[in-house]
Structures are given as C-alpha cells and as structure tokens.
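Working notes for the structure below.
Nothing in this text is a laboratory measurement; each read-out follows from the coordinates by a stated rule. All values reported here derive from a predicted model rather than from experimental measurement. Note that we place each Cβ from the backbone using ideal geometry, even for glycine, and neighbour counts take in every protein chain shown.
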Amino acid sequence: MSSETLTEKPMRVSHARNWRGFGWGFVAKLLLMMVVNAFGVTALLTAWSAEQWTFLIAGAVLLLVADVVYFSRRTVPLKYILPGLVFLLIFQVFTMGYTAYVATTNYGAGHNVTMQQAVDAALIQDERQVDGSPVYPLTVVTSGDTLGFAVTIDGVVLAGSADEPLQAIDGGVADASGRPTSVPGWDIVSVNTLLSDQALAQRVIDLRVAVSDDANDGALRTRDANSASVYRSSLVWDEATTTLTNTDTGVVYTPNEYGTFIGDDGSSLPVGFYVNVGAENFVKAVTDKDYATPLLRIAAWTFAFAFLTVASSFLLGLLFALIYNDERVKGRAVLRTLFILPYAFPAFMSALLWRGMLNAEFGVVNQWFFFGAGINWLGDPVLAKLAVLFVNLWLSYPYWFLVCTGALQSLPSETAEAAKLDGAGRWRMFRSITFPLLMVSTAPLAIASFAFNFNNFTIIYMLTNGGPRFADASVPLGHTDILISAIYQISGIAGGRADYGLASALSIVVFVVVGIVSAIAFRQTRKLEEIQ
Amino acid sequence: MRNKIGMGAALATSVLLLAACSSGEAAVTESASPSETSTAIDAAGQTLTIWVDENREPAVAAAAATFEAETGAKVELVQKNFEDIRADFLAQVPTGEGPDITIGAHDWLGALIEGGVVNTVDLGDNADKFSQVAVDAMTYDGQLYGMPYSTEAIALIQNTDLVGADAPATWDDMIAAGVASGAARPFCINTNGETGDGYTMYPFQTSFGAPVFVQDGGSYTSEVGMGGNAGAAFAQWLYDNGEAGTGYLSTTIDYDTNNQLFNSGECAFTIQGPWALGSYTDVNFTVNPIPSAGGEAASPFVGVQGFYVSSQSENALLANIFLSNYIATPEAMQALYDGDPRLPAFEGVDTSSAAYPEAIAGFQASAEQGVPMPSIPEMGSVWDFWNAAESAIIKGADPASTWETMNTDLTAALEG
C-alpha cells in the first residue's frame with residue numbers, strides 16, 4: 001500500500017520548491033566534470049591552434065558525450081561504462097587503428113614527412129650561399145605592408161623587398177659597421193619587434209631580396225635579422241604539376257609511387273615523403289625470401305619460448321606453493337617474502353645482471369658452479385636458449401608461486417575432507433581435486449602469461465640481444481630472437497634506418513597470431529570450468 | 001533550470017581560468033619601441049626548446065643562462081637519452097612537436113637530411129674560430145647543417161706504472177711491452193660482449209687500409225670498402241688475436257668489464273674514449289694515439305657533436321640568434337667545455353680545467369690521425385652486420401669466409 005501512496009505524491013516538483021541543496025555527491029560530480037571540461041576545452045584549444053582537425057572533432061565529440069551522459073537523467077548505465085569505453089577507444093582502438101594505418105604507408109627513413117614538408121626541406125637543402133659572399137650587417141625595414149632588407153655595399157645604402165631588387169637609397173645613413181641606421185622611404189624594424197612578433201619574424205626568415213635584376217645573381221637572406229648573405233636557389237616547386245625543377249640543369253624531379261623525387265635524368269633527391277603503399281608491407285612481411293627461413297625458425301622458437309616459460313615457471317611456482325602452504329613449514333611468512341624477491345626486481349635489471357653472471361670468462365656461474373670451465377652460455381645457440389629459459393624461469397616463478405598460493409588457500413576445504421573420507425591418497429587428492437580446481441582460476445592467467453612472454457622483448461634484448469647470430473642467414477637475426485625482437489631488428493629502428501611501415505605490418509601479423517592462440521586457449525579453458 | 005545556469009557559469013569560469021593561464025606568457029610580452037636601435041635584444045615571452053642529454057645539460061644550461069639574462073627569452077631544456085634523440089627528432093619534428101634546437105652527433109646528418117628535419121645554419125661572426133674538421137663533418141653536400149662544438153675520438157690508454165708513458169709504435173710493440181710488464185693481460189678491448197664493437201676496433205681496421213666505405217676525395221661514397229685483400233688481412237688479424245689465437249681480443253669483455261680490468265691494473269693497455277676516464281680512478285694512466293696493427297695509420301672514427309636547428313621551428317629567428325650570438329662565442333664554448341669536457345671544436349677554449357688535462361691532449365693527438373665517422377644514411381645499416389661478423393671471427397669463425405659473407409650481405413642490404 002505504501003507504494004501507492006508514494007505514487008500519488010507529485011513526483012515532479014520543480015527544484016525551486018523542494019530544493020534542499022545539491023548534496024555532496026552532486027558537488028563532487030560538478031567539480032569532477034569541471035576538471036574534465038577544463039582539460040577537454042584546453043585540449044580542444046591546443047588541437048585548434050595545432051590545426052589537428054581529427055583530434056579536434058574526436059575530442060569535441062567525446063567531451064560532448066561525457067557532458068550529456070553525466071548531466072542527463074536517462075543515461076544511468078552509461079555513467080558507469082563511459083570511462084572504460086573512453087579508455088578503450090583511446091588506448092586500444094586508436095593505437096590499433098593507427099598501427100594499421102602506418103602499416104599501409106612507407107613511413108620510415110627517407111619517407112619521414114609529408115609532401116609539403118619534403119618540398120620545404122628540398123628547397124632548404126638546395127639554397128646555397130653564393131661562393132665568396134660577404135656577410136652584410138643588416139637592417140630589416142618596412143614600408144607599409146612591404147617588408148624589406150637594407151644593407152650597405154661599397155659605402156652605399158641599398159634597400160629592396162621581395163618584389164624589388166636592391167637599389168641605392170638617397171640619403172641613407174649607416175653606422176661604422178655598415179649597418180643602415182636611417183633609410184628614407186622605409187621604417188626601420190628593430191630585432192626586438194621581430195622577436196615579439198613570431199609571424200613577422202617568420203616573414204623575415206622567408207624573405208629573399210634579389211641583389212640585382214638577374215635572378216642568377218642570388219638574393220639576400222638572413223637567419224638572425226642581424227646579418228645577411230647572398231644565397232642562390234636552383235630548385236623551383238610547381239604545385240600544379242607537383243614537380244621540382246632545377247633551373248640550372250633543367251632536370252625535372254617528379255615524385256614516384258613511393259614518395260621519392262626522381263629526376264628525368266635518373267637521379268633522385270635525398271628527401272622523400274610518406275605515401276600509402278597499400279598491402280605491400282604485409283606482402284613483404286610474409287614473402288621476403290631472405291627473411292622467410294629465419295622468421296620461421298624464430299616463430300618456432302617464440303612459441304617454444306613462451307610455452308616452456310609458462311609451463312616451467314607454473315610448475316615450479318606450484319611446487320613451491322604446495323610445499324610452503326603446508327602448515328608444518330615454520331616461518332612461512334618470511335620464506336614467502338624471500339621467494340617473491342626476483343619478482344620485485346625490475347626485469348631488465350635482472351636480465352642485465354644475469355648477462356654478467358653468465359659471462360663465459362668472468363661470470364660467477366662458471367666460476368662457482370662449473371670450476372671456471374669457461375662455458376659460453378650466451379654464445380652457443382643451444383646454451384643461449386637454455387640460458388634465456390632459465391633466467392625467465394627465475395624471473396617468473398615467483399609470480400606463479402604467489403598466484404598458486406592464493407588459489408590454494410581459497411580452495412574449499414570440504415572437498416578435500418570429503419576426498420580424505422573416501423580414502424584418497426595425497427597424490428590422488430592432488431591429481432583429482434586440488435590441481436583441477438587450481439586450473440580453473442589459473443588457466444586464464446597462464447594464457448595471459450603466454451601472450452606476455454610471446455612478446456617479452458625486454459629479456460631477449462637485455463640478455464642476449466637475439467644472439468648468437470644465425471651463421472647461415474644473410475639477415476642480422478639470431479638464435480634467441482623472438483618475433484618481437486626480430487621485428488625491432490628488421491625494422492631498423494636500432495640502427496637509425498627505421499622502416500616503421502614494415503614494423504607495423506609485422507606487429508599486426510604477430511598480434512593476429514597471439515590473438516588466435518589466445519582465443520583457442522580461452523575456448524579450451526571453458527571446459528575446465530565445467531569441473532565446478 | 002537554476003542549476004543548469006550554475007553549471008554553465010562554473011564551466012565558463014574554469015575555461016576562462018585555463019585560457020588565462022595558458023596565454024599568461026604572451027600577455028607579459030613588452031612591445032619594444034620600433035625606434036630603438038640598441039643591440040640589446042629583448043625577446044621576453046619567447047621560449048626556445050632545446051633537447052640535450054644528461055651529460056651536456058649543465059653545459060648548455062650555463063650557455064643558456066646568459067642568453068636568458070640578456071634577452072629575457074626562456075630556454076626550455078628537455079633532457080633526453082642521447083641514443084633516443086636521433087629517432088625522436090626524426091619522428092617529432094614533422095608533427096610540430098619537435099624542439100627548435102637539438103644536440104646531436106654529426107653522423108646522424110645523412111638520416112636527418114633524408115628525413116627532411118634539419119635546417120641549414122650560419123656560424124656567425126666567429127665562423128673562422130671553428131675547427132675546420134668539425135665544420136666539414138657538419139657539412140653535407142656543401143651545406144652546413146649544424147654548429148659543431150666538440151669532437152671526440154677513442155685513443156690508447158696505458159697504465160703508466162706498468163708500461164711507462166711512451167707511446168708504442170705498433171701493435172707488436174704494444175703487446176711486447178704489455179707482456180713484459182707482467183700484467184695479467186697485456187691488452188684489453190671492449191667488444192660489447194657477444195655483440196661485437198666495430199667502432200672501438202676501427203683504428204686497427206683502418207691500419208690495414210680497409211675503410212668502412214670507399215672515400216672519394218674526403219667524402220664517403222655508399223660503396224662498401226671493407227672487401228678485398230685489406231679487409232681479409234684485417235679479418236685474419238682478428239682471428240689470430242681472437243679466442244682461437246692469442247686471446248688478446250675476447251668477446252667476454254664488455255664496456256664495464258673492460259674498465260674494471262684496466263682500473264684494477266690487470267690490463268696494461270686499453271682503447272677507450274674520454275667518457276671512460278672517470279672509471280680509471282685507481283691507476284695512473286696516460287693517453288696516446290693508437291698503434292698500427294697493419295702498417296698504415298690507425299685512424300679512429302672522429303665524432304663531432306653540435307647543435308641542429310629544426311626545419312619546422314617556429315622560432316627560427318630566435319634559434320639562430322641563440323646559436324650565432326650565444327653559443328658561437330668564446331665564453332659559451334668555455335662554459336660548454338667546463339660543464340662537460342670534450343675536445344673543443346672552437347679555438348681558444350682553455351682545457352686546463354678538465355679533470356685530466358694532459359689526457360685531453362692525448363685524445364686530441366689521436367683524433368688528428370682519425371677519420372670522420374661517415375654521416376651518410378647508409379652507415380645506419382652497417383653496424384649490425386659489421387659487429388656480428390667481428391664478434392664471430394673473434395670467437396673463432398673462419399675469417400675469410402665470414403668477412404666475405406658480411407660484405408656480400410651488407411652490400412645487398414644497402415641496395416635492397
């Protein structure tokens with residue numbers, strides 16, 4: 001009955017009448033949304049000034065959606081899932097989409113910039129100081145909107161602008177250094193004015209004042225608004241035909257399908273731009289014959305490495321967890337803490353330390369345990385693989401020790417007691433009760449650990465750097481390289497000759513492989529859950 | 001309705017506040033009077049972004065302090081790993097996120113030009129005070145792209161208590177002196193462990209007359225120069241002194257091990273750069289040019305460090321003023337040297353303030369017989385093949401075939 005009386009009450013009363021303050025929840029929400037909006041609007045302003053239209057639109061949409069969701073009464077579920085969705089969009093979907101986009105371009109060494117930037121750079125690289133050109137003290141001058149340069153040559157003050165070559169100015173005065181101090185018909189612009197006006201400064205940097213009517217004589221240019229020299233440029237950019245023409249030699253440079261300017265005499269310009277190359281990177285990633293065999297071997301080792309690491313560290317961790325979960329072990333808390341130590345160490349530091357300890361001549365492993373036998377742990381293909389597996393086991397078993405200890409402690413004691421009453425032995429109990437129940441909670445973690453180790457760049461890079469090299473391959477890859485470290489090597493990022501397009505294509509291939517393996521594995525773990 | 005207005009007001013206020021904060025710097029800019037003709041520069045409100053590495057940050061900060069004090073402009077130093085600067089500069093300049101100026105090595109130049117991210121520079125009034133070798137190194141195809149400030153090269157470092165201060169003339173003399181000294185190892189050299197280190201080994205390679213790229217009148221072509229008899233002789237030398245031979249070269253020695261061995265007096269001679277001197281605190285040492293192993297001069301790579309201006313800098317004017325008026329001066333060069341002692345590329349820098357002043361002279365002598373490290377973009381592809389082949393030969397692989405394969409694979413990679 002009470003519900004009826006409630007519904008009879010007028011529910012929608014104006015806030016003006018029953019307003020009893022917002023309540024702390026609302027204040028907190030308002031403050032939070034203020035912060036969100038403030039940051040959002042700053043980001044939008046930044047995107048606006050940087051002319052990043054995609055980010056501007058995406059940011060505006062996200063901000064609008066956030067405001068609608070949190071200030072509307074009809075979107076309660078969205079209020080909970082929106083933050084997660086936004087993170088998913090920014091950190092997963094965007095990253096993957098961008099990687100896929102880069103994979104379809106030839107972005108990398110020599111194709112680093114847009115066409116316009118490449119043209120700018122080509123023009124910069126082409127403009128050369130005329131041999132023997134003196135450095136003239138310079139005064140920047142204006143006349144109305146026209147910007148000009150004034151210099152003194154042979155005691156005569158001259159001035160000119162972009163359209164007017166230098167000409168003598170009657171009554172021009174210069175100081176002792178030759179810097180014009182008074183140029184009739186022109187207003188002098190101080191360096192300070194330029195420095196406080198970035199747009200004007202840019203115009204000064206871009207300004208070229210021809211020294212004579214003959215363009216071949218070159219033009220004055222300044223970099224610091226304080227001195228000028230004569231420069232000469234021979235390349236001309238034609239935007240309509242997208243060609244660069246060398247006016248001295250008559251060679252016309254046309255961009256080819258890879259974004260390189262090729263001259264009609266077969267020469268090319270050093271700077272190129274990135275273009276869309278479609279699926280070419282993917283085709284190269286799977287068909288390049290120099291890489292095919294090494295990559296297959298590396299793929300096989302990657303699977304072996306990831307699987308063996310998970311299996312060995314899981315089994316060792318489980319074994320220790322079982323032992324140290326027994327109540328008869330004294331000082332379990334201290335011992336458990338000690339076990340976790342390798343896990344608490346940064347992995348790359350441990351890998352570096354092990355690299356030193358496994359050194360054939362100076363390493364403590366050989367000196368203490370192998371009578372200084374000089375075993376080349378990191379230089380032999382098989383031993384290096386064993387070393388990688390061992391170090392990774394050392395690094396990751398504490399994780400499984402932790403996980404298994406937790407899982408063991410949460411197992412229902414009734415099942416164990418029931419089994420005991422039924423007369424099950426210790427081994428039988430472990431095999432039929434403990435282990436299957438343990439697998440239910442740890443199998444998904446094992447899959448995650450597999451995926452992590454599949455791309456465990458750190459340990460490979462720090463411990464062996466992929467070495468020892470394949471003696472029979474013509475590419476710089478090695479026996480302990482896993483796919484991700486091979487990608488790093490192939491894409492040339494280390495040597496400075498990066499091919500990000502190819503690297504992105506390869507990492508997408510690896511992503512697909514890991515995805516398929518994980519999907520299959522997760523499907524298998526559903527069977528485990530049937531045990532419960 | 002009422003709370004919506006409240007919300008709107010709160011929103012507007014916060015936006016205004018932020019907008020005010022972000023434009024605060026611009027608001028304080030003083031407009032200089034146009035008639036002012038004094039040379040004092042007033043760039044208050046402008047910010048110059050410079051990328052530096054950890055070692056050089058204090059040095060550049062010292063040079064920037066004068067600039068800030070005199071011009072009112074702000075210099076924002078962004079500290080980065082030196083190894084990261086090259087790739088980050090290439091990646092970020094085109095997006096507009098790059099710095100106005102960055103510290104860099106001359107051997108990046110080819111890649112930076114290919115990537116279209118560097119502008120040309122002028123050296124300013126003191127142009128004639130720069131060392132010609134350094135200026136040449138920063139020059140590419142006749143254009144100057146960087147303002148050099150230091151050079152560096154590796155040299156022979158010897159334990160004076162064991163082998164005296166006299167420079168050995170040849171490899172054999174050095175080994176003989178090392179053996180006679182009774183040290184555990186006559187000679188140590190860093191091979192970067194199993195990875196191999198073509199850079200540190202290069203003086204011995206050049207002493208056999210096998211440069212990494214064929215040189216055409218001073219500048220490098222993209223033709224690999226390590227093949228032929230000279231290269232084969234060097235490979236054989238590596239093998240003979242490697243783990244299968246005398247054992248003076250060993251892939252068990254990396255940078256830290258090498259320094260430790262030398263500092264503990266177990267090595268009589270080693271080859272290192274000025275950056276390693278800080279590790280040699282327990283021994284007396286002197287620095288000499290590297291002895292020849294193959295008969296010709298042992299020429300180490302000479303690296304030049306300098307400042308690059310971004311091709312996309314919006315502050316190009318200020319950046320150029322900073323370089324030509326505040327870096328290319330004796331005071332700034334001295335400050336750079338005092339902050340981080342490297343062989344100066346500018347005349348008149350007083351090097352006596354260094355921790356090891358006489359060592360600087362030794363490195364200078366070694367650099368004088370050196371060759372510039374190639375700055376062509378192809379150099380980036382060389383290291384992997386080169387280091388691995390040297391490491392394999394030192395470990396006992398067949399020298400002739402390993403070296404030959406390396407040359408073939410490298411040539412193929414450069415063409416591919």
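When you filter the GluC sites (Glu not before Pro) in segment B:250-325 for DSSP loop state and at most 11 other Cβ atoms inside 10 Å of their Cβ, nothing is left. Each DSSP beta bridge with both residues in chain B is either parallel or antiparallel, and the antiparallel ones are about 65%. In whole angstrom, note down how far apart the Cα centers of segment B:175-240 and segment A:314-391 are. Using only Cα atoms to place each centre, the spacing works out to 37 Å. At a Förster distance of 60 Å, what's the computed FRET efficiency of residue A:74 paired with residue A:292, Cβ-Cβ distance as r, to 0.05? Efficiency, from the Cβ-Cβ distance: 0.60. Prolate is the label for chain B. Its Cα gyration tensor axes, ordered a ≥ b ≥ c, give a/c of at least 1.5 and a/b above b/c.
For the protein assembly as shown, the share of DSSP beta bridges that are antiparallel, to the nearest 5, is 80%. Ranked for footprinting exposure by Cβ neighbours inside 10 Å, fewest first, A:191, A:286 give A:286, A:191. Taking segment B:77-148, which GluC sites (Glu not before Pro) meet the DSSP loop condition and have no more than 16 other C-beta atoms within 10 Å? Taking segment B:77-148 and a limit of 16 other Cβ atoms within 10 Å, the loop GluC sites (Glu not before Pro) found are B:97.
Sort segment A:129-232 into rounded, prolate or oblate with this rule: let a ≥ b ≥ c be the square roots of the eigenvalues of the Cα gyration tensor; rounded if a/c is under 1.5, and if a/c is not under 1.5, prolate when a/b is larger than b/c, oblate otherwise. Cα axes put segment A:129-232 in the rounded bin. Largest GNM mean-square fluctuation among B:209, B:146, B:124, using chain B with Cα springs under 10 Å: B:124. For a quick check, take a GNM of chain B with Cα springs below 10 Å and name the residue from B:81, B:192, B:119 with the largest mean-square fluctuation. For chain B, modelled as a Gaussian network with Cα springs under 10 Å, the answer is B:81.
Applying a DSSP loop filter and a limit of 13 other Cβ atoms within 10 Å to the trypsin sites (Lys or Arg not before Pro) in segment A:41-90 leaves A:73, A:74. Quick one: grab the alpha carbon gyration tensor of chain A, order the square roots of its eigenvalues as a ≥ b ≥ c, and give me rounded if a/c is under 1.5, else prolate or oblate depending on whether a/b is larger than b/c. Oblate, since a/c reaches 1.5 and b/c is not below a/b.
Considering only A:518, A:416, A:292, the residue lying farthest towards the positive end of the dipole of segment A:285-529 is A:416, judged by Cα position with unit charges set on Cβ. So what's the angle, to the nearest 10 degrees on a 0 to 90 scale, between helix B:198-207 and the longest Cα principal axis of chain B? With both axes taken from Cα atoms, the answer is about 50 degrees. Taking B:150, B:299, B:381 in turn, the Gaussian network model of chain B (Cα-Cα springs below 10 Å) assigns the largest fluctuation to B:381.
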